[in-house]
Structure formats: structure tokens, C-alpha cells
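Take a look at the structure below.
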Amino acid sequence: MALLPLYFFFLFLSVSSGEFSSQVGVNYGQLGNNLPSPKQSVKLIQSLGAKRVKIYDANHDILNALKGTNLQVCIMVPNEIINNISTSQKLADSWVETNVVPFYSTTKIRYLLVGNEVISGSPKDIWSNIVPAMRKIKKSLKTHGLDKIKVSTSMAMDVLESSFPPSNGTFRSDIADSIVRPLLQFLRRTKSFYFLDVYPYFAWVMDPKNINLEYALFESRTIKYTDPLSNLTYTNLFDQMVDSVVFAMKRLGYPDIRIWIAETGWPNAGDIDQIGANIYNAATYNRNVVKKLTAKPPIGTPARPGWVIPSLIFALYNENQKPGPGTERHFGLLYPNGTKIYGIDLSGKTPDSCFEPLPKPDNNEPYKGKIWCVAAKGVNETALSSALSYACSQGNKTCDPIQPGKKCFKPDSLFWHASYAFSSYWSQSRKTGATCYFNGLATQTAKDPSFGHCKFPSVSL
């Protein structure tokens with residue numbers, strides 16, 4: 001009889017480790033107008049060795065393409081309908097009946113996120129409705145016999161007001177009690193995960209003089225940091241960031257909520273003024289983080305040694321319609337044509353020596369010189385004309401030199417007028433967060449576009 005409990009213990013252990021294994025997946029974003037079909041994309045996901053996939057909605061074409069595969073799937077309730085779902089069980093039921101029930105029997109939907117980085121990028125009136133919406137979605141899943149699906153939401157690192165040293169990790173005072181505490185209560189009660197977006201790249205970019213690049217890339221063999229309060233020793237930036245959230249949760253009285261890395265990655269390219277965004281660094285970081293996350297036995301972090309950390313790499317493709325600086329469009333493992341940007345195996349089984357050599361990085365130091373923002377070639381003229389009007393409407397005499405009779409005026413030259421307006425606007429507004437993007441109509445250049453007596457405004461670095 002003594003063997004019976006032991007047998008069931010190992011049975012439980014095998015089921016648990018299978019469900020919450022250290023297998024790595026990928027985030028499948030769709031913000032591109034040149035991406036492969038869902039069916040092709042699923043094959044590409046499998047070819048990368050991924051075992052999980054997260055999408056940022058509940059796209060039916062993608063869910064159908066995932067039918068019959070062994071990929072665990074994470075779907076998402078869009079941010080913009082959280083408020084409505086939070087006050088309507090009927091709407092929550094309808095969403096589940098439309099986007100989960102028809103697919104669950106053949107598609108391995110295992111996780112459902114209510115919103116994506118809501119605290120970081122959505123209006124404040126949504127914040128307090130995240131957990132109420134999660135409760136209604138969970139209730140609907142249970143009603144339909146789908147309560148095995150874990151419900152959560154994703155959070156970026158900016159929900160912390162302190163992250164250094166890691167043991168001082170603290171949630172922001174404006175959300176700690178009103179939003180995060182109810183979230184952690186829900187996650188504990190439902191045995192779900194805290195889905196965390198972790199990007200050492202962005203932390204390093206903010207302070208490249210004091211944060212060693214090799215430490216951010218898991219490449220340092222000599223640099224270590226010992227937390228003066230916990231006495232835990234760190235060998236990479238990723239662990240520091242994750243543990244700051246561990247300590248922040250502990251500070252609120254929830255020391256054992258499991259963490260799921262919802263996004264992590266490194267950009268393979270970017271704008272001229274963005275350092276460290278290159279293929280070499282991207283491949284190095286992603287290969288190393290995969291090794292860490294797939295290690296057997298699990299490594300965990302200094303605050304949680306040996307813990308399994310399920311994870312998803314961002315992202316499947318370079319997505320050409322993502323707004324913001326250039327790095328936002330260059331986090332992919334694949335080009336839009338489906339070819340690999342660099343060799344990688346998300347199963348962690350392929351040694352680095354089996355991959356092709358990587359191109360040497362040429363932008364690990366800040367760019368020094370002038371940069372202009374000009375119209376991209378081959379873009380839609382109607383859209384370009386609208387962007388020109390927008391830039392010129394922002395005041396500060398942005399477009400005075402391209403008015404008729406002025407020194408930068410060129411008759412019938414939309415391209416040059418837009419280029420001047422973009423450079424002028426960007427040079428004035430970059431410090432307040434403006435980017436050289438204009439909905440994909442603009443691009444940075446280090447080549448001076450000035451002509452004759454017309455001098456284009458520039459940004460000097």
C-alpha cells in the first residue's frame with residue numbers, strides 16, 4: 001500500500017511538468033502587410049522548434065491553422081473590449097462561445113490573456129477593469145467546462161516603481177493595491193501565472209555606460225552583481241529583472257505566484273540612433289535565453305533556483321506595420337518571406353557551432369553625427385501628402401521654407417517637401433518622443449538631403 005501514494009506522486013509530477021514544462025514558444029504578431037498565411041506560419045513555427053505560440057487576439061484563421069498540431073496556444077482578449085466585458089457576463093460568454101468553444105477540441109488553447117500591457121499603453125479607465133474582466137472570462141470558461149484554461153494578463157516592467165536592487169522590487173503606488181493585489185489574488189486562487197514582458201535590451205539602452213552589454217546578453221564570464229539586501233548573486237540582467245518582480249509580489253504577500261515570460265527578445269535592426277540593435281546581438285541574446293530557459297534540470301533565477309519558467313520569444317516575424325522607432329519592426333526570428341534572420345532552435349537542442357557565422361555588430365556604440373528624417377521611397381503619394389499636411393500643421397514654422405517663393409520650395413515635388421517637413425518636425429520634436437516613422441512613410445538617413453541654398457534640419461548626436 002505504501003507504493004500507491006508514491007505512484008500517484010510521480011503521476012502528478014509527470015502531468016505537472018508536462019503542462020508547465022520549460023519548453024519555449026514564440027509570439028506570432030500580425031502587424032505586417034507582407035506576412036505568410038496562417039497555415040504557412042504554423043509550419044514555420046514548428047520548424048523553429050517552438051512548442052507554444054501566443055497570438056494577440058483570437059484570429060479564427062490562425063486557430064484553424066493550429067488544429068491538430070501539438071502547439072500549446074495562448075489567445076488574447078483585446079484591450080479595447082475589456083471595459084465592456086468587465087461589466088457584462090453575457091458579453092464574456094459570447095466572446096468565449098465565439099473564440100474558444102469552437103476550437104478547443106482540436107486546438108490546444110491552454111492560456112487566455114485579458115489584455116496586453118494594459119497598464120503601459122491603454123487609458124486609465126481600463127486599468128481597474130482588468131481583473132473584473134478576467135473573473136467573467138474565467139466564469140464563462142468554467143460554465144463551458146473549459147476551466148483548465150489559465151486566465152491572466154500581461155504586464156511590462158514599467159508596473160514597478162523600483163527594480164534595483166532586485167530585492168527592492170516594488171509595484172507602483174498608483175496600482176499596487178487597487179490593481180496588482182486583486183490580480184495576484186486571482187492568480188493564486190486559479191493557480192495561474194503572472195505573465196511578464198522582460199526586455200534586457202531596453203534596460204541596457206537606457207544606461208549603456210553603466211550596464212555591461214555582455215551582462216545583458218548572457219555573455220559575461222566575469223561580471224557579477226550581489227544584491228546587498230538579499231545577498232543573491234546575479235550573472236545576467238534578465239535574472240535581475242525577473243527577480244525584481246518576484247520580490248515585488250512577495251512584498252504584497254504573494255511569494256509563490258509563478259511567472260511566465262510572455263515576451264522577451266532583442267531587435268535585429270533599428271534606426272540609426274538606436275544602439276545595439278543588430279543581428280549579432282539578437283542571435284546571441286535569444287540563443288542564450290533559450291539555453292537558460294530549456295536547461296534540464298531547470299535553472300530558475302537566484303530568488304527561485306530550480307523553478308521552471310515557461311516562456312515565449314518575441315517575435316515570429318519582422319512586422320513592417322508596427323508603429324514607433326525602427327526596433328519595433330525588427331524583433332523577428334524570420335523575415336516576412338519566411339527565411340531565418342539568423343540560425344536559432346527554440347528547443348535548445350542545436351549547438352551554436354551548427355549555425356552559420358554571425359555578422360559582426362557595427363552599432364554597439366552610440367552613433368555620432370547628424371541624422372535626417374526623409375520620405376521613404378515608393379510610398380503611397382496620397383498618404384505622403386496627408387503626412388506632409390500633418391507635419392506642417394504642428395506649428396513652430398516647421399514648413400515655412402517649403403512655401404512658394406522660399407528657398408526650399410520645389411514645384412511639383414511632394415517627395416522633397418515631405419522630406420523637409422519630416423526632418424523639420426522630427427528635429428524639433430524628437431526630445432519629446434517623436435519618431436521618424438510617420439506611419440511607415442519616413443526613414444532615417446545619415447546622408448544630407450540638403451540642396452543648393454536649402455538646408456534640411458537635422459538631429460545631431
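The values are calculated or read from the model by the stated rules, or taken from the named source; none is laboratory data. Keep in mind that what you see is a predicted model, and the values were worked out from it rather than measured. Note that each Cβ is placed from the backbone with ideal geometry, even for glycine, and that neighbours are counted across all protein chains shown. Only protein heavy atoms, including side chains, enter the accessible area calculation; ligands, DNA and RNA are left aside. Shrake-Rupley method; radii C 1.70, N 1.55, O 1.52, S 1.80 Å.
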Using a 1.4 Å probe on the protein chains only, how many percent of the accessible area of segment 149-204 belongs to carbon and sulfur?
51
Tilt, helix 38-47 to longest principal axis of the chain (alpha-carbon atoms), in degrees rounded to tens, equals 70
Can you list the lysines whose alpha carbon is less than 20 Å from that of Lys138, not counting same-chain residues fewer than 8 positions off?
Lys54, Lys90, Lys108, Lys148, Lys150, Lys191
Segment 370-460 - Rg (one decimal) and Dmax (whole number), Cα, Å:
11.7, 32
Neighbour net charge for Ser140 - beta-carbon separation under 13 angstrom, K R +1, D E -1:
+3
For Val101 paired with Leu146, estimate the spin-label separation in nm (one decimal), with each label point 7 Å from Cα along the Cα-to-Cβ line.
0.9
Starting from the alpha-carbon convex hull of the chain, give the projected area averaged over all orientations, in nm².
25.9
Along the Cα→Cβ direction, 7 angstrom out, place labels at Thr226 and Arg172. What is the inter-label distance in nm?
3.5
May I ask you to compute the full-extension gain from Glu381 to Thr350, defined as 0.36 nm times their residue separation minus their alpha-carbon distance, rounded to one decimal in nm?
6.5 nm
Under 19 Å from the 7 Å Cα→Cβ point of Ser389, by amide nitrogen: which residues of segment 433-453?
438-442
When each pair of different Cα atoms in segment 126-224 is counted once in the 1/r mean, what is the Kirkwood radius in angstroms, to one decimal?
15.9
What share of the DSSP beta bridges in the chain is antiparallel, in percent to the nearest 5?
35
Taking Cα pairs under 8 Å and at least six residues apart, what relative contact order does segment 370-460 come out at, in percent?
46
Given a 1.4 angstrom probe, what's the average accessible area per residue across segment 179-309, in square angstrom?
39
With every protein chain left in place, what is the accessible area of Thr339 in Å² (1.4 Å probe, nearest 10)?
70
Where both partners of a DSSP beta bridge lie in segment 76-230, what percent of those bridges are antiparallel, to the nearest 5?
20
Computed [θ] at 222 nm, deg cm²/dmol, the chain (DSSP H ≥ 4; -39,500 (n - 2.57); rounded to nearest 500):
-10000 deg cm²/dmol
In a shell of Cβ-Cβ distance under 14 Å around Ile179, excluding Ile179 itself, what net charge do Lys and Arg (+1) and Asp and Glu (-1) give?
-2
Heavy-atom accessible surface of segment 370-460: percent carbon and sulfur, 1.4 Å:
49
Mind checking the full-extension length gain between Gln403 and His60? Use 0.36 nm per residue of separation minus the Cα-Cα distance, one decimal, nm.
118.5 nm
Return the distance in nm (one decimal) between the two label points of a simple spin-label model at His453 and Lys410, each offset 7 Å from Cα along Cα→Cβ.
1.7
Carbon + sulfur, % of accessible area of segment 277-367 - ligands and nucleic acids excluded, 1.4 Å:
56
Straight-line reach from Lys455: which lysines have Cα under 23 Å away, leaving out those fewer than 8 places along the same chain?
Lys368, Lys370, Lys377, Lys397, Lys406, Lys407, Lys410, Lys431, Lys447
Can you work out the accessible area per residue across segment 370-460, with the rest of the protein chains kept in place, probe 1.4 Å, in square angstrom?
55
